[in-house]
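Okay, so here's the structure we're looking at.
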Amino acid sequence: MTWNRDKSLDRAATQRLLFNPQSRAEFEDVEPNWLGHKEGSAAIDWDLLDGAPMSQLLNHRKTVAAVKKHLDHLEDDHGLKIDRTDFFRFTRDAREGVGKTNSEIIDDSSRTTKPAPRADDAPMLPLTELDVPQTDQVSEVGLELKNHVGDSVSDFETGAGFGDSAENKLVESAAVRAVVAQYMAGGWLVRSVERDKCGFDLECVKSGVIEQVEVKGVQGSGLCFIITAGEVKQAQNNPKFYLIIVTSALAESPTLTKFTGKDFLRQFDVAAIQYRAAIKPSLSSLTPECH
């Protein structure tokens, strides 16, 4: 089973599949599914979109108790509502995923003060690409990125991760909402994996294509931000990895700039600004205690 899910995204994705059955075909062979489930659990999720009797759900679980356990999980850990009469199905709610975009639902759940623009109302935010000189200088210990364009010190210090924690959280939340709105407007199914700590924030699926997206929000205009060693490793090894930098993230019209992992490694300098230190095992017995 899956825990620590973003219930807002799960509700929105489920309602979109309920209200737009024609969009389901491109996701049927993708595992894990839009709720992060595989095999029997995923099969029950699909049955609940159109509705199914208990006898059909039992094709995927051995006992009624096991089926009900999964239904409880969907309600408790994914925030989904299920009609449990003779026919089991997800409950439709026109307020989720149809009247609202994922970005607006995230606003409601996190109680942010500024609503994100609706994807169907607002103009499409361009995903731009930069023509930047090449470099092969990449550090596996990650931390700070600076591009070759020559950002000023002031721009560099206002990049993502360089402000106070409260400001950084606002910037990152706004950046994720902007990227989710962009993908959803393009017909992608978006699943948040931020809490999984897997080296990227979003998994986006459309017509069998999967993009695993790391989002970086910057309050200013410079392409400078903090990145972890795990995220750099994704850029090095994962062909599905994309980095989207959202500059002017708190502005009404932020700018989204998209890089493949390969382009990121080629076009950015990576410099370490922090290390983890631990005493060497061979010297640990010689280290005096602190009093």
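The values are calculated or read from the model by the stated rules, or taken from the named source; none is laboratory data. These numbers were taken from a predicted model, which means no experiment stands behind them. We place every Cβ from the backbone using ideal geometry, glycine too, and count neighbours over all the protein chains shown. SASA here: full protein model, heavy atoms, side chains in, ligands and nucleic acids out. Shrake-Rupley method; radii C 1.70, N 1.55, O 1.52, S 1.80 Å.
Key figures for this structure:
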{"read-out": "Accessible surface of the stretch 185-286, 1.4 Å probe, proportion on carbon and sulfur as whole %", "value": "50"}
{"read-out": "Potential lengthening between Asp86 and Glu39 on full extension [0.36 nm per residue; Cα-Cα distance subtracted]", "value": "14.5 nm"}
{"read-out": "By accessible area with a 1.4 Å probe, ligands and nucleic acids excluded, highest first: order of Ser207, Ser8", "value": "Ser207, Ser8"}
{"read-out": "Förster radius 30 Å - calculated FRET efficiency between Arg195 and Lys68, Cβ distance, rounded to 0.05", "value": "0.70"}
{"read-out": "Two-site FRET efficiency, Asp76 against Ala277, from Cβ-Cβ distance with R₀ of 51 Å, rounded to 0.05", "value": "0.80"}
{"read-out": "Separation in nanometres of the label points that stand 7 Å from Cα toward Cβ, at Ala25 and Ile210", "value": "2.2"}
{"read-out": "Cα-Cα over 29 Å, subset of Lys258/Lys280; Lys206/Lys233; Lys7/Lys169; Lys169/Lys280; Lys7/Lys206; Lys38/Lys240", "value": "Lys258/Lys280; Lys169/Lys280"}
